[in-house]
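Novice: So that we are looking at the same thing, I have put the structure below in structure tokens.
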Amino acid sequence: MERAPVPGPPSLGPRVTLTARLQERARELGFTLCGVADPSPSEHAVFYQAWLDADHHGAMSYLARPDAVARRGDLKGTLDGVRSVVVVAHEYYRDDSPEAVADPSRGVIARYARGDDYHDVVHSKLRALLGWLEASEGGVTGRVYVDTGPILERELAQRAGLGWFGRNTMLINPRRGSYFVLGVLLLDSELPRSEPFSEDRCGSCRACLDACPTGALLGRDAAGAPTIDARRCISYLTIELRGVIEPELRPLMGNRVFGCDICQEVCPWNERFAQPFTEPAYEAREGLDGPSLVELAARLSAMSGKAFSRAYAGSPLVRTGREGLLRNVCVALGNWGAMDAVPALVTALSDPAPIVRGHAAWALGRVGSSEALFALGSRHPAETDPFVLEEIARALSA
């Protein structure tokens, strides 16, 4: 008697087809990379906690909130019943003129921040991708995250096969480099997983570590995880830090006034594979592609906080606020050290915000001309803020 065949596992054919169509739709929306990750608990939670315990997150206290740490460790705290994670990458690379970057009279803004805010751009496209999936599949629900929730995006991207953790802590793709932002779509529907990226292709290269002006990149820890001390990172100093930039770090910042691309600029994978963006929303806004420091300082000094928010609405620059950005410009003017910087710094020395006045005082001390020292001496009797008084005294005695 002939035995009945033993039934095999159910075919994933239709699901695989759905994943392929999902990736194709993602490409149509402008996402260069797209993969599907396993939503199981984080394998990097231990490294993340050790990073927090070392205070490497600086003033970013929101990263250390117990509820946020728990949700980063397990996605079920963000979406109960999550079964798949779609991870996408959206590129923002643009060529920079070497002359503009090397000109200390011009400010350098990180490439991703010169156009519209990528949070809005990627979120809108991910919503469209989710809508397409809901229409195609039916009954699927999901949530969209673009740096807006407690999620370890880079770990999920590695699981989704998008790349590996470079020594600069960025996710690097072997065909595209690292000039992209990540978006995450949590789904309650199961899709076939992408093959995780398991290799470390940095090899013995340490170009990013050697190029970092402030020594923020610490290499890999004993377990092989790349580590960064955010407190020394120029991106952190110019964006996340709301208070005083430590005097010893100011000269190392050069003319970078919002964010920093240095560790990506020297990466061989970017030098070889980075491609210019195609997203119109990332085109540089007027005055944000290598602006004159003097002109930018004058513009900011004439603005109120509300005027700043209106002028830069929809731009990443809103995050640092008028005071933070003007503080950064003062530091860059001091690093330039030219006489042409003095009038803008004298104006900033009378700014309503002590954080601006203090950094302007430091910058005038760096210039060190008779006009700069006269302005400092004239301001001293009228100043009442202890921080600013300390900066003026230090500048006059230098």
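Novice: Scan segment 266-316 residue by residue and report those that are of a type in the set (Val, Ile, Thr) and closer than 20 Å to Ala353 by Cβ. Can you show your working first?
Specialist: Taking segment 266-316 first, the residues of a type in the set (Val, Ile, Thr) are 266, 278, 294.
Val294 - this is the single residue of segment 266-316 that is of a type in the set (Val, Ile, Thr) and closer than 20 Å to Ala353 by Cβ.
Novice: So Gln264 ticks every box in (1) part of a loop (DSSP other than H, G, I, E, B); (2) buried (at least 21 other Cβ atoms within 10 Å of the Cβ) but one. Which box is left unticked?
Specialist: Just one mismatch for Gln264, condition (1).
Novice: Name the pairs whose Cβ atoms lie under 6 Å apart, with the first residue in segment 342-371 and under 12 Å from Ala395 (Cα atoms), the second acidic (Asp, Glu), and 6 or more positions between them or separate chains?
Specialist: Gly358/Glu391; Ala361/Glu391; Trp362/Glu391
Novice: When the residues of segment 300-317 are narrowed to those that are surrounded by 16 or more Cβ atoms within 10 Å (Cβ to Cβ) and within 20 Å of the chain's Cα centre (by Cα), which ends up nearest to Ala284 (Cα to Cα)?
Specialist: Out of the qualifying residues, it is Ser315.
Novice: While we're on this one: So which residues in segment 318-329 are more than 16 Å from the chain's Cα centre (by Cα) and β-branched (Val, Ile, Thr), if there are any at all?
Specialist: Passing the criteria: only Val329.
Novice: Go through segment 204-236 and give me each residue that's modelled with pLDDT of 95 or more, part of a loop (DSSP other than H, G, I, E, B) and under 17 Å from Leu171 (Cβ atoms).
Specialist: Cys205, Cys233
Novice: Could you run through segment 74-116 and say how many residues are among the small types (Gly, Ala, Ser), in contact with a helix residue (DSSP H, G or I) (Cβ under 9 Å, 6 or more places away or on another chain) and either in a loop (DSSP other than H, G, I, E, B) or surrounded by fewer than 19 Cβ atoms within 10 Å (Cβ to Cβ) (or both)?
Specialist: Qualifying residue count for the region: 5.
Novice: Select from segment 306-362 the residues that are within 17 Å of Ala372 (Cα to Cα) and among the β-branched types (Val, Ile, Thr) and list them in ascending order. Reasoning before the result, please.
Specialist: Initial filter on segment 306-362 (within 17 Å of Ala372 (Cα to Cα)): 329-351, 356-362.
Listed by number, the residues that qualify are Val329, Val331, Val342, Val346, Thr347, Val356.
Novice: Is there any pair with a first residue in segment 248-269 that is aromatic (Phe, Trp, Tyr) and a second that is surrounded by 21 or more Cβ atoms within 10 Å (Cβ to Cβ) and in a strand (DSSP E or B) whose Cβ atoms are under 6 Å apart and which are 6 or more apart or on different chains, and what are they?
Specialist: Here the result reads Phe258/Ile109; Trp269/Ile172; Trp269/Gly177, each pair linking segment 248-269 to a residue that is surrounded by 21 or more Cβ atoms within 10 Å (Cβ to Cβ) and in a strand (DSSP E or B).
Novice: Scan segment 53-73 residue by residue and report those that are surrounded by 14 or more Cβ atoms within 10 Å (Cβ to Cβ) and not small (Gly, Ala, Ser).
Specialist: The answer is His56, His57, Met60, Leu63, Val69, Arg71, Arg72.
Novice: State the number of residues belonging to segment 267-276 that are more than 17 Å from the chain's Cα centre (by Cα) and part of a loop (DSSP other than H, G, I, E, B).
Specialist: Just the residues of segment 267-276 that are more than 17 Å from the chain's Cα centre (by Cα), to begin with: 268-269, 271-276.
When the remaining residues are screened for being part of a loop (DSSP other than H, G, I, E, B), the result is 274-276.
Qualifying residue count, segment 267-276: 3.
Novice: Can you list residue pairs whose Cβ atoms sit under 7 Å apart, with the first residue in segment 153-173 being farther than 23 Å from Ala68 by Cβ and the second being basic (Lys, Arg)? Count only pairs 6 or more apart in sequence or on different chains.
Specialist: That search, which allows pairs on different chains as well, returns Trp164/Arg201; Arg167/Arg206; Arg167/Arg220.
Novice: What about Pro251, is it over 20 Å from Asn168 (Cα atoms) and surrounded by fewer than 19 Cβ atoms within 10 Å (Cβ to Cβ)? It would help to see each step written out before you state the result.
Specialist: Values: over 20 Å from Asn168 (Cα atoms): yes; surrounded by fewer than 19 Cβ atoms within 10 Å (Cβ to Cβ): yes.
So Pro251 passes the test.
Novice: Could you figure out which of (1) touching a strand residue (DSSP E or B) at 6+ places or on another chain (Cβ under 6 Å); (2) closer than 25 Å to Arg83 by Cβ; (3) outside any helix (DSSP H, G or I) isn't true of Ala157?
Specialist: (3)
Novice: Name the single residue, out of those in segment 117-153 being of a type in the set (S, T, N, Q) and either assigned to a loop (DSSP other than H, G, I, E, B) or crowded, with 17+ Cβ neighbours inside 10 Å (or both), that is modelled with the lowest pLDDT.
Specialist: From segment 117-153, those of a type in the set (S, T, N, Q) are 124, 136, 141, 148; that's our starting set.
With either assigned to a loop (DSSP other than H, G, I, E, B) or crowded, with 17+ Cβ neighbours inside 10 Å (or both) added as a condition, the list becomes 141, 148.
On the way: Thr141: 90, Thr148: 87.
So the residue we want is Thr148.
The values are calculated or read from the model by the stated rules, or taken from the named source; none is laboratory data. Please read all numbers here as calculations on a predicted model, not as lab measurements. All Cβ positions, even for glycine, are placed from backbone atoms using ideal geometry, and neighbour counts span all protein chains on display.
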